[in-house]
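A quick write-up on the structure given underneath.
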Amino acid sequence: MLKHIHHIAIICSNYQLSKKFYTEVLGLKVIREVYREQRQSYKLDLAINNQYIIELFSFPDPPARPSRPEATGLRHLAFAVDNLDKVVEHLTSHHIQVEPIRTDEFTGRRFTFIADPDDLPVEFYEI
């Protein structure tokens, strides 16, 4: 019935800051950017390796999403990476605070978390 995840939608509070984070820091490619005047909203479609993955939205005065303590709903966004050490080096070069690297007790794989500009947890999981 289901084929694959089509996209993940993220609503941000500061469009320019989040656009810079997802494109310049994480390196996602812009597929399309539109301003929807009737909604006073930007919609930015982003891809990884030419695969459409994220819709980044802006809306006037969106309510904050609780992140801590953890709230009901989607928990975090996770990216598969080949070399976690290089990812951590890249992120810290952009002055992004990276949590200590942990090891998944079930798979033995290493992973870490950062927060996007709206404090959304973002995971990097070494495959």
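Could you tell me whether any residue of region 106-121 is at pLDDT below 95 and assigned by TED's automatic domain parsing to the domain that holds His4?
No: region 106-121 contains no residue that is at pLDDT below 95 and assigned by TED's automatic domain parsing to the domain that holds His4.
Looking at Glu99, is it in contact with a Phe, Trp or Tyr (Cβ under 9 Å, 6 or more places away or on another chain), over 18 Å from Leu17 (Cβ atoms), crowded, with 16+ Cβ neighbours inside 10 Å and among the acidic types (Asp, Glu)? Steps first, answer last, please.
Details: in contact with a Phe, Trp or Tyr (Cβ under 9 Å, 6 or more places away or on another chain): yes; over 18 Å from Leu17 (Cβ atoms): yes; crowded, with 16+ Cβ neighbours inside 10 Å: no; among the acidic types (Asp, Glu): yes.
In short, no.
Among the residues of region 85-94, are any closer than 21 Å to Ser13 by Cβ and touching a helix residue (DSSP H, G or I) at 6+ places or on another chain (Cβ under 6 Å)?
Taking every residue of region 85-94 in turn, at least one turns out to be closer than 21 Å to Ser13 by Cβ and touching a helix residue (DSSP H, G or I) at 6+ places or on another chain (Cβ under 6 Å).
Check region 23-36 and report whether any residue there is more than 22 Å from Ile127 (Cα to Cα) and at pLDDT below 95.
yes
Can you report the number of residues in region 1-36 which are exposed (fewer than 14 other Cβ atoms within 10 Å of the Cβ), more than 23 Å from Arg75 (Cβ to Cβ) and among the β-branched types (Val, Ile, Thr)?
Residues that pass the stated criteria total 2.
Give, as residue ranges, the strands (runs of 3 or more DSSP E) completely inside region 1-90 that count at least 1 residues that are closer than 22 Å to Phe111 by Cα and either assigned by TED's automatic domain parsing to the domain that holds Pro117 or under 17 Å from the mean Cα position of the chain (by Cα) (or both).
Numbers: elements: 8-12, 29-36, 41-48, 51-58, 77-81.
Per the criteria, 8-12, 41-48, 51-58, 77-81.
Just the residues that are farther than 17 Å from Ile48 by Cα and not in a loop (DSSP other than H, G, I, E, B), please, taken from region 92-127.
Within region 92-127, Thr92, Ser93, Arg102, Thr103, Arg110, Phe111, Thr112, Phe113, Ile114, Ala115, Pro121 qualify.
The values are calculated or read from the model by the stated rules, or taken from the named source; none is laboratory data. Everything numeric here is computed off the predicted structure, so don't read it as measured data. Using ideal geometry, Cβ is built from the backbone for each residue, glycine included, and neighbour counts are taken over all protein chains shown.
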